[in-house]
Structures are given as structure tokens and as C-alpha cells.
Amino acid sequence: MNGAHDLGGMHGMGPIVAEQDEPVFHHEWERRVFGMTLATGFLGKWNIDMSRYAREQMPGPSYLNTTYYEHWLFGLERLLVEKGLLSPDELRTGRPQGPAPDPLRVLRARDVGKVLSEGGSARRSQGAPRRFKPGDRVLARNIHPLGHTRLPRYARGKRGVIERDHGVFVFPDTNGMGLGEKPQHCYSVRFTLRELWGPGASRRDSVHIDLWDDHLEPV
Amino acid sequence: MDPAKEEIVGSSDHDHDHDGPGPHGAPLTETQLRVKALESLLVDKGLVDPAALDALIDTYETQVGPHNGARVVARAWVNPAFKQRLLENASAAIAELGFAGRQGEDMVVIENTSKVHNLVVCTLCSCYPWPVLGLPPVWYKSAAYRSRAVFDPRGVLREFGLELPKHVEVRVWDSTAELRYLVLPERPAGTEGMSEEQLAALVTRNAMIGVARVPSPAKPAR
């Protein structure tokens, strides 16, 4: 979706404010939102692409006017209701109205180290045959899906070159919508700044964007 | 950061709004209440174990951080075979030092040289290599950085105090997939004969994102 999250190339977002000796969290509520988001992710009711899509659905004006962990809080509340773990009433009143819907595997403290160090790679051993190889010239599709996509707006309709083939990965554009993993090759695609931003941009410099077969067409 | 430079490269057409929930995450009472209510609801319904929340938070607040990435960089500086493995298969090489897992399952290391400078951003959310850098700083997650890093990388670097010569090529890496990028900075002059541990202490988070160079070690005071 062409949401406020798709920020690449926007103007007027102000100076970059870097804080000296910045703490990991600035407020206790940020800690709790971070912890709750990770912990509930292990319930297995959604995947990381659905989490991103949930945050992207925050209305644009709010998204730009709130902080990172407020985006996370919005996305978490949305997913909990959408996946039936909380009712809208429970969320509104803060009072539980019954037990959790079905037996769920809740993350326990003793397992935290193990699950974090194992992670969960989006790499897959099998998928659609690759359509491109390093050196191929490609065009990023001019698509504007209303759902989730990892093809940023600033690259759409632009020409680039396949720099490297990362291998087969889950395709977030379908996975985030509950339409399956659709594993396919993901590539690092090099776009010159000139191609992206026109003749005023540096001739020498480039942006590398990770894109999947379904985002690309041969030139 | 030089505020004058910041002004030039920064917002040219609007005044930055310092009211409300600004870039430093000023708390809203409403948000605090909402979070407390949500947590007690999730605990009451048995959906989260509060001890697990504490363990998750503690991991990223006190254990994982850029000191991990600094060890990877220092190892690459002193050990050419490791550096080669790191550039060819970053996840496996980084795992040799014991760093792996969530948000770093599939790592890519990109090397800065005298001819190429790499810079990492995630324009769509704020993807970041947690096992080696910990959680991202606020500026990395800000609309200002995410919007401008791909449009005016040299301006962004200047804002961080790094003026690159024209002949240096800038490569920006937009982390749009599940690959996570770590910049291998150039080893600074004046570090010959330093141990791996001493070198690791020089490596900064910003250098591993690509918005800074690793500074030469300060000369001892007379």
C-alpha cells in the first residue's frame, strides 16, 4: 500500500536528530511494547510480514506523528483483535471476558534465549525457478497494491541491474496478506541515483534494493 | 553534529515540530495507560508470561548490542581468512563468534574501502541486524533518515559530519527483504600492532551502519 511508512525520497521530514549516549529504551512502556510484540509473535497466529502490514495500516497522519514503538503498539492491538485473541470490547475496556480462544503455546522465560538465538530464517530450500542472474537488466514493476508490498514506491518503474542473487526467500507481498509464502528468488538490485532521482543526482552513487522475481520484469 | 550543516541539509521547507510525541519518544500518558492495560489483559488471558517479557527486554537492553558487531569487525581486521569468510557467507562467519538468531538470520557484510562507501537504511520500516548491533537508535527509525538516505546519501553523511570526496562511490543498501546488512568499516591509520580487543573498542555503531568512519585512536596526552 502507498502508506506513510513508504518514506524513501520524501522531502520535508526535518533534520536527523542523533542523540548522544542513547539508551536502548526511553520509557518503560516502550520496553513492554517491545516484549509483548516479540512474545505474542511466538503464539504462531501471524508472521513478520503480517506484523509489518498491521503497522502500515496506521492512518498516515498518525504514523508520521508518532514514534516507532507507538507504531508497534498499533500493529499489535490490531493483530490481537484481527486474529481473535482479544475482542474489541476487551481491548476497549481492558477487562478479560473469557479465556484465550484455544490452547496456545505461550513463550516461557526459560525458552527465550533458545528461540531468539534460533531465529526464524525466511530462506527456503525450494521455490520458483530463478528468472534473473547477476548482470541482468531489470525493470521494477509499476504496481500499487492496496495490500502489503516490499517494493518501495521510489523504485517502481525504474531500471536496475541484478547485483547478486540472495537465493530463495518467502515472498512478503503474499505472506503478509495470508496468501502463502510463494517462495522465490530475492536479489540485490542496483539502481543508480540518476535513474531514481533524475539528472540532478550523483552519477556515481547507487541504491541497492532487495527485490523478488515477482517485483521485476526483464528489460 | 554541526547544527549549521544540519540546517543546510536538513529541513529546508518546514519547521521541525518539537511539540507532541517527537523523535525522542516523549511519553503520552494515554499511551502508558494503554500499554499497561494491554499487558494486564494479555497476562490475565494467559497469552503472555510476564517473566518472558522481562527476559526478552533484558536480552536486548543488557546483552545484545553493537559491542557484538565491533568484535566481528575487529576479527576481520586482524584475520584475513575470517574477513574472506565474512564477505562470502556473513551469517556463518558471524556465528563463529557466537552471534546469530532473530533479525540476523541471513546476514550480508559490505566492505568500505578508499573507493566505496556503504550506507544502510530501511525505508519501509526499520530493519536492523539485531544480533550484531542490538536494537536501532531513534534516528535510524526516524522519517528524516528513512526518507533522505536513499535520496541524498551524501547530504545525510555530511549531517553526521562525514564529507566524502567526490571520487568515492556511495552505495546505499535499502533493507527491503530479510537480509540484514552490516558495514565493515575501513581500519583506521595508527592502529598497527593493536590487539583485536583494542581494535573492537574503537569500532562504533554508526560506523557499522555506514554513517561514520572509525576514528583513528586518540594520541596519548603528553
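Is it the case that the range A:55-67 has a residue that's touching a Cys at 6+ places or on another chain (Cβ under 9 Å) and touching a residue at least 60 places away in the same chain (Cβ under 8 Å)?
In the first step, residues of the range A:55-67 are kept if they are touching a Cys at 6+ places or on another chain (Cβ under 9 Å); the result is A:55-56.
Keeping just the survivors that are touching a residue at least 60 places away in the same chain (Cβ under 8 Å) gives A:56.
Yes, that holds for at least one residue.
When you scan the range B:83-101, do you find a residue that is in a helix (DSSP H, G or I), closer than 16 Å to A:Arg31 by Cα, among the hydroxyl-bearing types (Ser, Thr, Tyr) and under 18 Å from the mean Cα position of the chain (by Cα), even just one?
Looking through the range B:83-101, none of the residues is in a helix (DSSP H, G or I), closer than 16 Å to A:Arg31 by Cα, among the hydroxyl-bearing types (Ser, Thr, Tyr) and under 18 Å from the mean Cα position of the chain (by Cα).
All but one of (1) touching a residue at least 24 places away in the same chain (Cβ under 8 Å); (2) part of a helix (DSSP H, G or I); (3) under 20 Å from the mean Cα position of the chain (by Cα) hold for A:Trp29, so report the exception by its number.
(3)
Could you list, in sequence order, all residues of the range B:176-199 that are in contact (Cβ under 8 Å) with a residue 12 or more places away in the chain and within 7 Å of chain A (Cβ to nearest Cβ)?
B:Thr176, B:Glu178, B:Leu179
So, in the range B:5-28, of the ones that are within 22 Å of A:Trp72 (Cβ to Cβ) and either modelled with pLDDT of 90 or more or in contact with a Pro (Cβ under 9 Å, 6 or more places away or on another chain) (or both), which residue ends up surrounded by the fewest Cβ atoms within 10 Å (Cβ to Cβ)?
Narrowing the range B:5-28 to residues within 22 Å of A:Trp72 (Cβ to Cβ): B:17, B:20-28.
Then keep just the ones that are either modelled with pLDDT of 90 or more or in contact with a Pro (Cβ under 9 Å, 6 or more places away or on another chain) (or both); that gives B:21, B:27-28.
Values: B:Pro21: 14, B:Pro27: 16, B:Leu28: 16.
Filtering first and then ranking leaves B:Pro21.
Out of all the residues in the range A:116-136, is one or more more than 8 Å from chain B (Cβ to nearest Cβ), part of a helix (DSSP H, G or I) and of a type outside the set (Gly, Ala, Ser)? Break it down stepwise before answering.
At the first step, the residues of the range A:116-136 found to be more than 8 Å from chain B (Cβ to nearest Cβ) are A:124-136.
The next check asks that each one be part of a helix (DSSP H, G or I); those that pass are none.
Looking for residues that are more than 8 Å from chain B (Cβ to nearest Cβ), part of a helix (DSSP H, G or I) and of a type outside the set (Gly, Ala, Ser), one finds none in the range A:116-136, hence no.
Residues being outside any loop (DSSP other than H, G, I, E, B) and of a type outside the set (A, V, I, L, M): count how many of those fall in the range B:126-155.
Quick first cut of the range B:126-155, residues outside any loop (DSSP other than H, G, I, E, B) only: B:130-133, B:138-141, B:143-148, B:153-155.
Imposing the further condition that a residue be of a type outside the set (A, V, I, L, M) reduces the set to B:130-131, B:139-141, B:145-148, B:153-155.
Final tally of qualifying residues: 12.
If I ask for residues that are at pLDDT 95 or above, surrounded by fewer than 20 Cβ atoms within 10 Å (Cβ to Cβ) and over 30 Å from A:Ser117 (Cβ atoms), which ones from the range A:19-64 would you list?
A:Gln57, A:Pro59, A:Gly60, A:Pro61, A:Ser62, A:Tyr63, A:Leu64
Test of understanding: among B:Ala81, B:Ala93, which residue is surrounded by 20 or more Cβ atoms within 10 Å (Cβ to Cβ), without any contact (Cβ under 8 Å) to a residue 24 or more places away in the chain, aliphatic (A, V, I, L, M) and out of contact with any strand residue (DSSP E or B) (no Cβ under 6 Å at 6 or more places or on another chain)?
On the way: B:Ala81 fails: surrounded by 20 or more Cβ atoms within 10 Å (Cβ to Cβ).
Of B:Ala81, B:Ala93, the one residue that is surrounded by 20 or more Cβ atoms within 10 Å (Cβ to Cβ), without any contact (Cβ under 8 Å) to a residue 24 or more places away in the chain, aliphatic (A, V, I, L, M) and out of contact with any strand residue (DSSP E or B) (no Cβ under 6 Å at 6 or more places or on another chain) is B:Ala93.
Please determine, by comparing only the residues of the range A:193-216 that are in a helix (DSSP H, G or I) and touching a residue at least 24 places away in the same chain (Cβ under 8 Å), which one is farthest from B:Val116 (Cα to Cα).
Residues of the range A:193-216 in a helix (DSSP H, G or I): A:193-197, A:213-215.
Restricting the remaining residues to those that are touching a residue at least 24 places away in the same chain (Cβ under 8 Å) gives A:195-197, A:213-215.
Values: A:Glu195: 19, A:Leu196: 20, A:Trp197: 20, A:Asp213: 28, A:Asp214: 30, A:His215: 28 Å.
Among them, the one singled out is A:Asp214.
Looking only at residues in the range B:37-70 that are touching a residue at least 12 places away in the same chain (Cβ under 8 Å) and over 28 Å from A:Pro96 (Cβ atoms), which one is nearest to the chain's Cα centre (by Cα)?
Step one: list which residues in the range B:37-70 are touching a residue at least 12 places away in the same chain (Cβ under 8 Å), which gives B:39, B:53, B:60, B:64-70.
Checking the rest, the ones that are also over 28 Å from A:Pro96 (Cβ atoms) come to B:60, B:64-70.
Numbers: B:Tyr60: 14, B:Val64: 13, B:Gly65: 10, B:Pro66: 8, B:His67: 11, B:Asn68: 12, B:Gly69: 9, B:Ala70: 11 Å.
Here the residue is B:Pro66.
State yes or no: is B:Thr204 surrounded by 15 or more Cβ atoms within 10 Å (Cβ to Cβ), of a type in the set (Ser, Thr, Tyr) and closer than 30 Å to A:Asn175 by Cβ? Full working, then the answer.
Values: surrounded by 15 or more Cβ atoms within 10 Å (Cβ to Cβ): yes; of a type in the set (Ser, Thr, Tyr): yes; closer than 30 Å to A:Asn175 by Cβ: no.
Judged against the criteria, B:Thr204 is not a match.
Just one of B:Val109, B:Val116 is among the β-branched types (Val, Ile, Thr) and surrounded by 22 or more Cβ atoms within 10 Å (Cβ to Cβ); which is it?
Values: B:Val116 fails: surrounded by 22 or more Cβ atoms within 10 Å (Cβ to Cβ).
Among B:Val109, B:Val116, only B:Val109 is among the β-branched types (Val, Ile, Thr) and surrounded by 22 or more Cβ atoms within 10 Å (Cβ to Cβ).
When only residues in the range B:29-59 that are assigned to a helix (DSSP H, G or I) and of a type in the set (Asp, Glu) count, which is surrounded by the most Cβ atoms within 10 Å (Cβ to Cβ)? Let's see the steps before the verdict.
Step one: of the range B:29-59, the residues assigned to a helix (DSSP H, G or I) are B:29-44, B:50-59.
Still in the running and of a type in the set (Asp, Glu): B:30, B:39, B:44, B:54, B:58.
Working: B:Glu30: 8, B:Glu39: 19, B:Asp44: 15, B:Asp54: 15, B:Asp58: 14.
Selected residue: B:Glu39.
Among the residues of the range A:9-49, write down those that are farther than 30 Å from A:Phe171 by Cβ and aliphatic (A, V, I, L, M). Break it down stepwise before answering.
Pass one, the range A:9-49, residues farther than 30 Å from A:Phe171 by Cβ: A:11-12, A:14-32.
Listed by number, the residues that qualify are A:Ile16, A:Val17, A:Ala18, A:Val24.
How many of the residues making up the range A:181-205 are surrounded by 24 or more Cβ atoms within 10 Å (Cβ to Cβ) and polar (S, T, N, Q)?
Looking only at that region, the number is 1.
Looking at (1) surrounded by 12 or more Cβ atoms within 10 Å (Cβ to Cβ); (2) facing chain B (nearest Cβ under 7 Å); (3) of a type outside the set (D, E, K, R), which is the only condition A:Gly113 fails?
Result: A:Gly113 passes all but (2).
Give the residues of the range A:187-214 that are in contact with a Ser or Thr (Cβ under 6 Å, 6 or more places away or on another chain), facing another protein chain (nearest Cβ under 8 Å) and of a type in the set (S, T, N, Q), sorted by residue number.
The answer is A:Ser206, and nothing else.
Inside the range B:60-70, can you point out the residues that are at the interface with chain A (Cβ under 9 Å from one of its Cβ atoms), part of a helix (DSSP H, G or I) and surrounded by fewer than 20 Cβ atoms within 10 Å (Cβ to Cβ)?
Within the range B:60-70, the first condition is being at the interface with chain A (Cβ under 9 Å from one of its Cβ atoms), and the residues that meet it are B:60-62, B:64-65.
Right, trim to part of a helix (DSSP H, G or I) and you get B:60-62.
Within the range B:60-70, B:Glu61, B:Thr62 qualify.
Yes or no: A:Arg156 basic (Lys, Arg), at negative phi and at pLDDT below 95?
Answer is no for this residue.
The values are calculated or read from the model by the stated rules, or taken from the named source; none is laboratory data. Keep in mind the model is a prediction, meaning the values are calculated, not measured. Every residue, glycine among them, receives a Cβ derived from its backbone with ideal geometry; neighbour counts consider all protein chains shown.
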